[in-house]
Each structure stands twice: as C-alpha cells, then as structure tokens.
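S.K.: Mind looking over this structure? Questions follow.
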Amino acid sequence: MHRISLIPGDGIGPEVSAAAQAVVAAAGAAVEWEVVEAGMAAGERGGHPLPPPVFESIARNKIVVKGPTQTPFGDAYPVQVGERIYPSVAIALRKELKLFVNVRPARNCPGIKSRFDHVDLVIFRENSEDLYIGQERMIDADTAEAVKIITRGASERVTRFAFDYMQRTGRRKLTAVHKSNVLKLTDGLFLKSAQAVAKEYPQFGFDARVVDALCMELVVKPESFDCLVLPNLYGDIVSDLAAGLVGGLGVAPGANIGSDCAMFEAVHGSAPDIAGRDLANPMAMILSVVMMLRYIGESAAADRIDAALAAVLTEGRAVTRDLGGVAGTRGMTQAIVEQIKA
Ligand code: NAI
C-alpha cells in the first residue's frame, strides 16, 4: 500500500481533490491518503499557511498530491519556512523539497476542442534557478535589477532527467530551448550543458531552438516537437502556451520531481470565482494523479483512469461546462467512476 500525502488546498481544491480520490479508489490503486492542510484557509484557521505537519507528512511518504492554494495579493501572508520567506505555498514547497524539474505533458485529448490535432509534447522546466531565485532590488528609484543564475549542474541534471524519462516512456526527440544568441553566458551555458548530456544519449534525437523561434513554430506546427527542456522562465511561459494548444489550463496536469520526493499538482489555480459551486473541471487534478500513479508503479490503475476519462470525454455530455457539457464536478467524477467500474 502506498501512503500519499494530500493537500486539498483552497477554492476549488477540495472539490477536485475529492474527485481525484474517488477515481483512484474506483481504479483499485493500492493508495491510502494522509490528508494535511496548507494554503490560505489553513493559514486563517491555524495561523500558518504551510505548517510543520505538512513537511513531516511529506518526509514520511515522499509523494504529495497538492490541490491549488490561494495566494492573497500584496504582502498579506508571505510564507515563512525557518528563516526563508516565499511568495506562495506552491513555491515554498517546490524550493524546500528541492523539486528540481517540473514535468508538464500537453497532448490532445478526445472530445476536447483545440486548434490542433496530433499535439503530444512533454515539457521539462528547470525548477530551481534562473530569474526565479528571487534576487531583485531597486538600484535607484527608477531602476530595478534581477539576477539570473544558470549553473552547469542544474542544467545537466534537468537534461539528464528528461532523457531518462524519455527512455522510460518511449519518446523520441529532445529540443533544448534557449536565448544564447543574446544571453551568451547564462543561456549559452544551459545550451552547452544540454548538448554535453545529449552525447550520453545517442539513441535519441536532439536539437535546439531559440525560444522566440520556438514559440512561433509551436503555434504553427506543434506536431513537429516531442520533448522540450527549458530554463525556468522560458519553461514557465512555454508550458502555458503548450497547454493552450490542447485545450487550456483546465486540462493541464503537472509533476514537480526532486531526488528525494515528488509533488503532483494541476496547473490551474484555486479559481475562487467558481469555488464551492460544483462547477470545477476535475480533469487536470485527475490527470496529475494519473502521473503520480505511473510514478509509483501503479500503471494498471493509471491506464484504467485514462481509458475511463477518454470515454467520458468522447461521449461529451457528462463533462463540466468549460468542456461544453452539462455536468458538475461531482457528476463528471461519477461518470468516470462508473466507466472505470463498467
Ligand atoms: P485560476 O487558474 O485559479 O483561474 C483562472 C480562470 O480559470 C478562472 O476563471 C477559473 O474559474 C478558471 N478555472 C481554473 N481552474 C478551473 C477548473 N478546474 N475548472 C474550470 N475552470 C477553471 O487562476 P487565477 O485566478 O489567476 O488564480 C487564483 C488563485 O490561485 C490565486 O490566488 C493564485 O495565486 C492561485 N494559484 C495557485 C496555483 C497553485 O497552487 N499551484 C497555481 C496558479 C494559481
């Protein structure tokens, strides 16, 4: 039995988390959940948005499924862990757990309208450095500065992770994305590191693209790409672009993986505008949990959920309104559960 930490989160988080738990149970996965509270509501109730029991649970279980957590605007609550301060619970977890890569698949699903067919991408975003180290300052009243850090170690690590993932999952080609024509040292180092690692994996195709040219090509012929590896900032932007190619953030799952533990979460936020109204599309959270099941070796259960979800999407009525259907969160979940058991 795998024990998995679960943070239901804020807004629609508890609704989509309940949906994910229901389909995992129906699929017969050997999973039991340890529910821990984090996020804005947890902060308001208990005084801390990311209390120690969350870290204790993850340290025990090594795997966490996280619902979206709300970040209040302004400095309402910076998330403090020890001496360190983070802007949000999600960022605090990614940093504290040293989750060095964000894996975001983007592929067409049956029944989901999108501009393109045959899109099947996996994006590997370096998660630990680049402009996101948070070193910004005002040089004077009119000038701000941000520091961009790229290291050989982190660039090689994310590229190696990408190739190993490709090996396990039968992918073909990796494209390294950079802007080394302008950022010759930082992005230059990222590119050189990726190229060096690619030599260790001659069985895969490998090429590189400047990030602006990549964006243009992605919205013209996305089917010509397979896997992408990117520094943090480009990875953040391009993975949302890729989600847009296949139906939007409502259907986009993600995994954050480190050497010691892994966190699986939908890409979307807590959607306070529809929270508590049985309107949330549970699909991104369900697909995140499917990624988790594959990660822990529960592939048969993952296949059952994938197949049931595809059947419900293809039928097209028992899906939430954002997908053009008439069901609520609970109705869509029930349809998937019934399909799994059929
Ligand atoms: P959002 O993703 O929550 O919502 C954007 C729009 O998409 C809204 O109209 C919402 O109703 C819709 N939407 C999102 N998920 C949906 C779903 N599953 N089904 C149907 N419609 C859905 O982004 P927003 O509004 O920018 O952020 C809201 C809060 O979530 C903020 O506090 C933000 O910081 C937080 N957030 C948390 C994340 C995390 O915990 N990983 C990630 C992104 C945002």
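S.K.: Would you mind checking Lys66/Lys341; Lys98/Lys199; Lys62/Lys199; Lys173/Lys341 for any pair whose Cα atoms are more than 28 angstrom apart?
M.R.: Working: Lys66/Lys341 26 Å; Lys98/Lys199 26 Å; Lys62/Lys199 32 Å; Lys173/Lys341 37 Å.
With Cα atoms farther than 28 Å apart: Lys62/Lys199; Lys173/Lys341.
S.K.: Would you mind working out the magnitude of the charge dipole of segment 121-237 relative to its Cα centre, with +1 at each Lys and Arg C-beta and -1 at each Asp and Glu C-beta, to the nearest 20 Debye?
M.R.: Charge dipole of segment 121-237: 600 debye, to the nearest 20.
S.K.: Using modelled backbone amide H atoms (1.01 Å from N, in-plane), which distant-in-sequence or interchain residues come within less than 5 Å of Thr71's amide H?
M.R.: Result for Thr71 returns nothing.
S.K.: Short version: ³J(HN,Hα) in whole Hz for each residue of segment 327-337, in order, from phi by Karplus 6.51 cos²θ - 1.76 cosθ + 1.60 (θ = phi - 60°), x for Gly and Pro, what are they?
M.R.: Per residue, the Karplus-derived 3J(HN,Hα) values read 8, x, 4, 5, x, 5, 4, 4, 5, 5, 4 Hz.
S.K.: Residues of segment 65-107 with amide nitrogen under 17 Å from the 7 Å Cα-to-Cβ point of Met138?
M.R.: Residues 74-75 fall inside that zone.
S.K.: Where q = 0.12, 0.18, 0.26 Å⁻¹, what log10 of I(q)/I(0) comes from the Debye formula for segment 285-342, counting one point per Cα?
M.R.: Listed by q, the Debye log ratios stand at -0.27, -0.59, -1.02.
S.K.: Okay, helix-only estimate at 222 nm for the chain: each DSSP H run of n ≥ 4 adds -39500 (n - 2.57), divide by all residues, round to 500 deg cm²/dmol; what do you get?
M.R.: Using -39500 (n - 2.57) per qualifying helix, the result is -12500 deg cm²/dmol.
S.K.: Follow-up. Can you list residues from other chains, or at least 5 along the same chain, whose modelled amide H is less than 5 Å from the amide H of Phe264?
M.R.: Val64, Val65, Lys66, Asn256
S.K.: Of the peptides 226-233, 239-246, 289-296, 206-213, how do they stack up when ordered by the mean number of other Cβ atoms within 10 Å, highest first?
M.R.: Ranking, from highest mean packing down: 226-233, 289-296, 239-246, 206-213.
S.K.: After finding the eigenvalues of the alpha carbon gyration tensor for segment 115-245, what semi-axes result from the square roots of 5 times each, listed largest first in whole Å?
M.R.: Details: eigenvalues 140, 67, 29 Å².
Over the Cα atoms of segment 115-245, the semi-axes work out to 26, 18, 12 Å.
Read-outs: derived from the displayed coordinates by stated rules, not from any lab. Computed from a predicted model, the values in this text were never measured in an experiment. Positions of Cβ are backbone-derived with ideal geometry, glycine not excepted, and every protein chain shown enters the neighbour counts.
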